[in-house]
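Just so you know, all these numbers are worked out from the coordinates, no wet-lab data involved. As the structure is a prediction and not an experimental result, all values here were calculated from the model. We place every Cβ from the backbone using ideal geometry, glycine too, and count neighbours over all the protein chains shown.
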Amino acid sequence: MSEYRPDEGSFNVSDARIAIVVARWNGNITESLLNGAQRALVRHGVVEKDIDLFRVPGAFELPLACQRAARKGIYDAVIALGCVIRGGTPHFEYVCGETTRGIGEVALQENLPVAFGLLTTDNLEQAEERSADNNENKGEEAALTALEMISLFRQL
């Protein structure tokens, strides 16, 4: 475990229905994030038939697809997965800022946990480190966040 990742919270929501929205851009990274998320969900008792996967072209499309999934009214949480790597233009800031804002807005507007699994890195090496098959996989972290929030919502 990371020294920054808390090891508390309840992930016991095996009957949960989850939507995962994953960007295809930087696909080698986002597929690793997806694998981490799926492993975490299954490890905590979510059956594969209760996990729906939706793909979008890039990170900027994540919020709208998350909103559509949330509005179906059948999911306990949505997990957004994507990767934006800094380049030499301001494009990075625009995409990261608006995607982050949009994902948060969906959660608040739809009153549904939307787990944030968007990597925003300076380079490919950082993205690879945060998506590897290890304890630092941010897809896994997003899945655990979704499960913990489902558990919390059931208590509220």
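Below is a table of values for the structure above.
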quantity: Kyte-Doolittle mean at least 0.0 and Cα axial length at least 24 Å: DSSP H helices in the chain; calculated: 138-155
quantity: GluC sites (Glu not before Pro) lying in DSSP loop within the range 1-109, provided at most 12 other Cβ fall within 10 Å; calculated: 3, 8
quantity: Extension gain (nm, one decimal) between residue 14 and residue 109, 0.36 nm per residue minus Cα-Cα; calculated: 31.7 nm
quantity: Lys, Arg +1 and Asp, Glu -1 on Cβ, resulting dipole of the range 71-135 about Cα centre, debye, nearest 20; calculated: 280 debye
quantity: Cα centroid separation - the range 29-47 against the range 89-130, whole Å; calculated: 18 Å
quantity: Residues whose placed amide H lies under 5 Å from that of residue 114, excluding near-sequence neighbours; calculated: 78
quantity: Full-extension gain in nm, residue 93 to residue 72, via 0.36 nm per residue minus C-alpha separation; calculated: 4.5 nm
quantity: Options [x] 0.97; [y] 1.18; [z] 1.13 - which one matches Cα Rg over 2.2 N^0.38 Å as calculated here; calculated: [x]
quantity: Net dipole in debye of the range 18-155 [+1 Lys, Arg Cβ; -1 Asp, Glu Cβ; about Cα centre; nearest 20]; calculated: 440 debye
